[in-house]
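What follows is a short report on a single structure.
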Ligand SMILES: NC(=O)c1ccc[n+]([C@@H]2O[C@H](COP(=O)([O-])OP(=O)(O)OC[C@H]3O[C@@H](n4cnc5c(N)ncnc54)[C@H](O)[C@@H]3O)[C@@H](O)[C@H]2O)c1
């Protein structure tokens with residue numbers, strides 16, 4: 001540590017950043033509005049040359065003699081820099097971050113290959129092996145690995161892969177209905193786990209896994225990664241900062257394209273996915289819990305399979321997955337949240353729109369536009385800010401950079417032996433909420449949400 005001058009709040013902020021890993025240099029200052037600004041960097045030079053706004057912001061501060069390789073600036077408002085209240089160089093996290101750990105991926109279809117692209121961006125993450133029973137997926141993964149400069153061993157069987165490759169960590173990206181069985185031998189082998197969402201298709205399986213994970217002696221992380229999309233992260237930070245006051249109404253709208261074609265068409269049936277409100281909407285229920293820092297206690301939902309996949313047949317069977325729904329949730333604190341899902345709206349300019357309204361005003365974020373809007377009730381706004389995503393991370397997947405940022409934090413937690421930031425409990429609860437919403441649609445009634453992980 002070079003020098004450290006500052007307030008207890010600044011020190012707390014620094015320790016939070018250190019827990020997240022990645023950075024070596026952290027500068028904290030206060031702008032004209034008294035807002036704390038944190039610049040983090042130096043741990044990885046991946047995006048340095050593509051961050052002109054950040055460079056300008058740092059230069060304007062005048063705290064650096066030269067532009068250092070900065071990979072992230074948090075809470076930067078690009079305005080009126082003042083004297084830094086805290087300035088330090090932290091070797092521990094940044095240096096350890098690039099320590100090598102070996103990874104394997106089980107299930108190398110669309111999402112498994114997105115993980116490959118993102119592992120290639122995380123310093124110290126070495127892809128050692130891939131297991132997938134499908135020859136086509138293995139061939140596609142082999143070609144993709146070559147394009148990324150990776151040379152993993154390929155296996156058709158996960159057990160063979162685990163005993164031959166002995167990876168430090170395993171990313172599980174097989175279909176939803178396989179997660180419960182696939183994760184068991186990985187835990188028996190003692191590997192760190194990054195399990196794709198939804199944790200399981202059924203709440204009872206998710207509960208059993210959450211209980212096993214609670215006493216697991218290694219990292220167990222569930223891939224509910226939407227909170228890692230940089231504009232969403234910024235939006236959440238502002239909500240948690242109390243900008244709008246205690247949030248009373250939270251709305252998430254996803255208007256998007258239909259479900260894509262998957263290997264073996266597994267995603268066409270509720271029995272394989274858990275149902276649309278578990279399969280993909282677990283992301284949104286997790287976001288609601290995370291944003292409100294509270295638990296929903298009741299759900300009222302209405303939805304149907306009205307437009308998509310109705311002319312498709314698989315062994316004579318018509319898909320039964322919902323393509324639209326409204327889901328309303330009561331939270332324990334009295335806050336209300338609503339999900340508006342439509343999967344035949346690919347012409348929509350924005351795919352996700354999230355708004356949070358409290359007694360002081362309304363915060364909003366839209367994707368892919370990436371604009372965060374603050375609209376105070378005094379009508380002095382709206383104030384808009386575009387939150388950019390590093391181009392490499394954006395190009396390495398279809399999730400607005402979230403897969404990269406999640407993997408970066410997963411790797412830091414793996415190296416530093418710290419706790420998962422998205423837990424098996426989060427995985428379990430998001431499945432319970434999705435299943436309760438599916439039940440509400442089936443029964444045409446409100447359903448109480450009951451969590452059994454604390455019994
Ligand atoms: N985080 C996200 O936003 C996100 C996005 C898309 C998919 N996913 C999740 O990732 C997982 C995979 O989805 P996908 O879109 O890549 O599907 P996919 O069909 O494209 O790929 C799945 C792959 O798993 C393989 N597989 C099947 N059974 C297996 C088994 N028992 N062991 C190992 N591999 C097996 C298949 O052969 C296939 O190659 C799903 O759980 C899905 O919900 C998450």
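Bear in mind that the values in this text are calculations on the coordinates, not laboratory data. Not measured: the values here are computed from a predicted model. No Cβ is skipped: glycine too gets one built from the backbone with ideal geometry, and neighbour counts run over all protein chains shown.
Projecting label points 7 angstrom from Cα along Cα→Cβ for residue 395 and residue 237 puts them 2.5 nm apart.
Full extension of the chain between residue 214 and residue 348 gives 44.1 nm of extra length, using 0.36 nm per residue less the Cα-Cα distance.
If you count the DSSP beta bridges with both ends in segment 100-224, what percent of them are antiparallel, to the nearest 5? Mind dumping the intermediate values first?
Numbers: 0 of 21 bridges.
Beta bridges within segment 100-224, antiparallel portion: roughly 0 percent.
Shown is the FRET efficiency for residue 298 and residue 134, computed with R0 = 56 Å from the Cβ-Cβ distance and rounded to the nearest 0.05: 0.85.
Test of understanding: ordering 260, 277, 224 by Cβ neighbours within 10 Å, fewest first, what list do you get? Present the calculation step by step, with values, prior to reporting the outcome.
Working: 260 8, 277 31, 224 26.
Fewest-to-most Cβ neighbours within 10 Å comes out as 260, 224, 277.
With both labels modelled 7 Å from their Cα along Cα-to-Cβ, the residue 159 to residue 318 distance reads 4.1 nm. Between the beta carbons of residue 384 and residue 338, assuming R0 = 30 Å, the FRET efficiency works out to 0.80 to the nearest 0.05.
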